[in-house]
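Scroll down for the structure; my scribbles are underneath it.
The values are calculated or read from the model by the stated rules, or taken from the named source; none is laboratory data. Only a predicted model underlies this, so the values are computations on that prediction, with no experimental measurement involved. Positions of Cβ are generated from backbone atoms using ideal geometry, with glycine treated the same way; all protein chains shown enter the neighbour counts.
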Amino acid sequence: MELKGDAKLIRIFIGESDHIDHIPVYEKIVNEARKAGLAGTTVFKGIMGFGRTSRIHTSKILRLSEDMPIVIEIVDEVSKIDSFLSILNDIFERANSGGLITMEKAEIIKYVTSKKAGE
(Lines give C-alpha, C1' and ligand atoms only; values in the text may rest on other atoms or scores of the structure.)
Protein backbone atom coordinates (compact mmCIF):
# COMPACT_ATOMS: atom_id res chain seq x y z
CA MET A 1 0.00 0.00 0.00
CA GLU A 2 1.18 3.50 -0.76
CA LEU A 3 -0.23 6.75 0.62
CA LYS A 4 0.52 10.26 -0.59
CA GLY A 5 -1.05 13.67 -0.36
CA ASP A 6 -3.50 15.31 2.01
CA ALA A 7 -3.93 13.63 5.38
CA LYS A 8 -4.74 14.35 9.01
CA LEU A 9 -2.69 13.85 12.14
CA ILE A 10 -4.42 13.04 15.42
CA ARG A 11 -2.37 13.62 18.56
CA ILE A 12 -3.80 12.19 21.77
CA PHE A 13 -2.52 13.19 25.22
CA ILE A 14 -3.39 10.88 28.12
CA GLY A 15 -1.92 9.58 31.36
CA GLU A 16 -0.10 6.29 31.64
CA SER A 17 -2.43 5.16 34.43
CA ASP A 18 -5.62 5.64 32.34
CA HIS A 19 -7.37 2.30 31.81
CA ILE A 20 -10.48 0.91 30.17
CA ASP A 21 -11.63 -2.57 31.23
CA HIS A 22 -8.21 -3.21 32.86
CA ILE A 23 -6.40 -2.36 29.60
CA PRO A 24 -4.26 0.78 29.27
CA VAL A 25 -6.09 3.39 27.18
CA TYR A 26 -3.07 3.80 24.89
CA GLU A 27 -3.13 0.05 24.15
CA LYS A 28 -6.88 0.15 23.44
CA ILE A 29 -6.39 3.06 21.02
CA VAL A 30 -3.58 1.27 19.15
CA ASN A 31 -5.61 -1.95 18.87
CA GLU A 32 -8.71 -0.09 17.65
CA ALA A 33 -6.64 1.88 15.10
CA ARG A 34 -5.28 -1.39 13.76
CA LYS A 35 -8.80 -2.88 13.54
CA ALA A 36 -9.93 0.25 11.68
CA GLY A 37 -7.21 -0.31 9.08
CA LEU A 38 -5.32 2.90 9.80
CA ALA A 39 -1.82 3.22 8.33
CA GLY A 40 -0.04 3.21 11.68
CA THR A 41 0.08 4.47 15.23
CA THR A 42 2.95 5.46 17.49
CA VAL A 43 2.91 5.80 21.29
CA PHE A 44 5.42 8.05 23.06
CA LYS A 45 6.04 8.06 26.81
CA GLY A 46 6.89 11.48 28.19
CA ILE A 47 9.46 12.08 30.89
CA MET A 48 7.68 15.10 32.33
CA GLY A 49 4.40 16.93 31.94
CA PHE A 50 1.24 18.34 33.48
CA GLY A 51 -2.38 18.61 32.49
CA ARG A 52 -5.62 20.21 33.64
CA THR A 53 -4.78 19.92 37.35
CA SER A 54 -1.33 21.50 36.82
CA ARG A 55 0.18 18.69 38.90
CA ILE A 56 3.63 17.93 37.49
CA HIS A 57 4.38 14.31 36.68
CA THR A 58 8.07 13.54 36.35
CA SER A 59 10.34 10.51 36.31
CA LYS A 60 12.67 12.37 38.70
CA ILE A 61 10.42 11.90 41.72
CA LEU A 62 9.46 8.28 42.32
CA ARG A 63 6.07 8.96 43.89
CA LEU A 64 5.00 11.20 40.98
CA SER A 65 6.24 8.85 38.25
CA GLU A 66 3.20 6.58 38.39
CA ASP A 67 1.18 8.53 35.82
CA MET A 68 3.63 9.68 33.18
CA PRO A 69 2.32 11.52 30.11
CA ILE A 70 1.57 9.44 27.02
CA VAL A 71 1.23 10.87 23.49
CA ILE A 72 -0.28 8.82 20.68
CA GLU A 73 0.06 9.93 17.07
CA ILE A 74 -1.98 8.62 14.16
CA VAL A 75 -1.67 9.81 10.55
CA ASP A 76 -3.83 8.64 7.67
CA GLU A 77 -6.16 9.76 4.92
CA VAL A 78 -8.71 12.39 5.90
CA SER A 79 -11.73 10.06 5.55
CA LYS A 80 -10.18 7.29 7.67
CA ILE A 81 -9.20 9.71 10.44
CA ASP A 82 -12.65 11.32 10.42
CA SER A 83 -14.26 7.87 10.80
CA PHE A 84 -11.93 6.98 13.67
CA LEU A 85 -12.96 10.00 15.76
CA SER A 86 -16.18 8.32 16.91
CA ILE A 87 -14.17 5.30 18.12
CA LEU A 88 -11.84 7.62 20.05
CA ASN A 89 -14.79 9.41 21.59
CA ASP A 90 -16.24 6.07 22.73
CA ILE A 91 -12.90 5.05 24.27
CA PHE A 92 -12.67 8.32 26.22
CA GLU A 93 -16.27 7.99 27.43
CA ARG A 94 -15.79 4.40 28.58
CA ALA A 95 -12.44 5.10 30.25
CA ASN A 96 -13.87 8.08 32.14
CA SER A 97 -10.41 9.63 32.22
CA GLY A 98 -9.04 12.97 31.18
CA GLY A 99 -7.09 13.72 28.06
CA LEU A 100 -6.73 15.91 25.03
CA ILE A 101 -7.16 15.15 21.33
CA THR A 102 -5.81 17.51 18.69
CA MET A 103 -6.02 17.27 14.93
CA GLU A 104 -4.08 19.01 12.23
CA LYS A 105 -3.57 18.87 8.51
CA ALA A 106 -0.69 16.76 7.34
CA GLU A 107 0.82 15.97 3.99
CA ILE A 108 2.10 12.47 3.43
CA ILE A 109 5.28 12.68 1.41
CA LYS A 110 5.96 8.96 1.31
CA TYR A 111 4.43 5.92 2.97
CA VAL A 112 5.13 2.52 1.51
CA THR A 113 4.61 -0.76 3.31
CA SER A 114 7.40 -3.31 3.12
CA LYS A 115 6.92 -6.49 1.17
CA LYS A 116 7.93 -9.50 3.23
CA ALA A 117 9.15 -12.69 1.58
CA GLY A 118 6.33 -15.13 0.99
CA GLU A 119 3.53 -12.54 0.73
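Summary of computed values
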| read-out | value |
| --- | --- |
| Hits in segment 82-101 - residues which are assigned to a helix (DSSP H, G or I), among the polar types (S, T, N, Q) and surrounded by 10 or more Cβ atoms within 10 Å (Cβ to Cβ) | Ser83, Asn89 |
| Close pairs (8 angstrom Cβ cut-off, 6 or more residues apart or separate chains): farther than 16 Å from Phe13 by Cα and among the hydroxyl-bearing types (Ser, Thr, Tyr) in segment 30-43, at pLDDT 95 or above and outside any strand (DSSP E or B) anywhere | none |
| Condition met for Leu3 (touching an Asp or Glu at 6+ places or on another chain (Cβ under 7 Å), within 24 Å of Val112 (Cα to Cα) and at pLDDT below 95) | yes |
| Unmet requirement for Ile87, which otherwise passes all of (1) among the hydrophobic types (A, V, I, L, M, F, W, C); (2) modelled with pLDDT of 95 or more; (3) under 22 Å from Lys4 (Cα atoms) | (3) |
| Set Glu73, Glu104, Glu66: member being surrounded by fewer than 13 Cβ atoms within 10 Å (Cβ to Cβ), at pLDDT 95 or above and in contact with a strand residue (DSSP E or B) (Cβ under 9 Å, 6 or more places away or on another chain) | Glu104 |
| Filtered residue count, segment 24-43, keeping only those that are in a strand (DSSP E or B) and surrounded by 12 or more Cβ atoms within 10 Å (Cβ to Cβ) | 3 |
| Complete set of residues in segment 6-18 that are touching an Asp or Glu at 6+ places or on another chain (Cβ under 9 Å) and assigned to a strand (DSSP E or B) | Asp6, Ala7, Lys8, Leu9, Ile10, Arg11, Ile12, Gly15 |
| Selected residue (criterion: farthest from the chain's Cα centre (by Cα)) from residues of segment 19-62 that are charged (D, E, K, R) and at pLDDT 95 or above | Lys35 |
